[in-house]
């Protein structure tokens, strides 16, 4: 990433402001935090207007109004039924009014109900059915040349045993004693390994962000003092 000297200086100063929170809460950190939130909110608002509102609403209701900067809408016929979602969007804004804010509940109820209905089917297919299919594997995998593929077979056995023991751990209708208790303890270990791997991945992602900030700081210090 090539940055100009001014951009590099601003990056370095803001990075130091954010890292100053490690010492204690201070005005420099609050300034950088509020600046980040404000710039992010403004950026995503502009993105929402030009990437969502304009092509999906304005260009459909009045295509001639946006044809000068959206050529793909020039030959499109107006679709006036999109006025209905526009009205629902305006109803959401009544939440900001001291009186009549109850009108926003109608639009919010429609949004929540529609999202719940459509996402239920999607999550059922992608998370529930797909996970069941992913565990329907042969315990013994045969090579094309003959013989058993030890690596793949071991991987399938571990996956199936892990899923089964994890499900047994969440089976609370029977006390976890005897065989059920032993299997549930294996499930606990599987869950601990899974959560640990997920946590480790998250930590590594945060460390990569920290390394990026450190690289910016070192480049900034190199530019000022000529070291590194």
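Looking across segment 65-86, the residues that are part of a loop (DSSP other than H, G, I, E, B), touching a residue at least 12 places away in the same chain (Cβ under 8 Å) and surrounded by 12 or more Cβ atoms within 10 Å (Cβ to Cβ) come down to 70, 76, 78, 79. Residue pairs whose Cβ atoms lie under 6 Å apart, sitting 6 or more positions apart in sequence or on different chains, and linking a residue in segment 39-55 that is exposed (fewer than 11 other Cβ atoms within 10 Å of the Cβ) to a partner that is modelled with pLDDT of 90 or more, do not occur here.
For segment 87-143, filtering for residues that are closer than 30 Å to residue 166 by Cβ and part of a helix (DSSP H, G or I) leaves 21. Would you call residue 157 without any contact (Cβ under 8 Å) to a residue 24 or more places away in the chain and in a helix (DSSP H, G or I)? Judged against the criteria, residue 157 is a match.
Could you tell me whether residue 219 is touching a residue at least 60 places away in the same chain (Cβ under 8 Å), part of a helix (DSSP H, G or I) and over 23 Å from residue 158 (Cβ atoms)? Considered against the rule, which asks whether it is touching a residue at least 60 places away in the same chain (Cβ under 8 Å), part of a helix (DSSP H, G or I) and over 23 Å from residue 158 (Cβ atoms), residue 219 comes out as yes.
For beta carbons closer than 7 Å, sequence separation of 6+ or different chains, a first residue in segment 5-29 that is over 17 Å from residue 224 (Cβ atoms) and a second that is outside any helix (DSSP H, G or I), the qualifying pairs are 20/26. Against the conditions (1) part of a loop (DSSP other than H, G, I, E, B); (2) more than 30 Å from residue 186 (Cα to Cα); (3) touching a helix residue (DSSP H, G or I) at 6+ places or on another chain (Cβ under 8 Å), residue 54 satisfies every one except (1). Filtered by the rule that a residue be modelled with pLDDT of 90 or more and out of contact with any helix residue (DSSP H, G or I) (no Cβ under 6 Å at 6 or more places or on another chain), segment 168-177 gives a lone residue, 170.
Does residue 38 meet the test of being modelled with pLDDT under 90 and in a helix (DSSP H, G or I)? Talk me through it step by step, then tell me what you get.
Working: modelled with pLDDT under 90: no; in a helix (DSSP H, G or I): yes.
Against the criterion (modelled with pLDDT under 90 and in a helix (DSSP H, G or I)), residue 38 does not qualify.
The values are calculated or read from the model by the stated rules, or taken from the named source; none is laboratory data. Remember, predicted model here, so these are calculated numbers, not experimental data. Quick reminder, even Gly has a Cβ in these numbers, built from the backbone with ideal geometry, and neighbours come from all protein chains shown.
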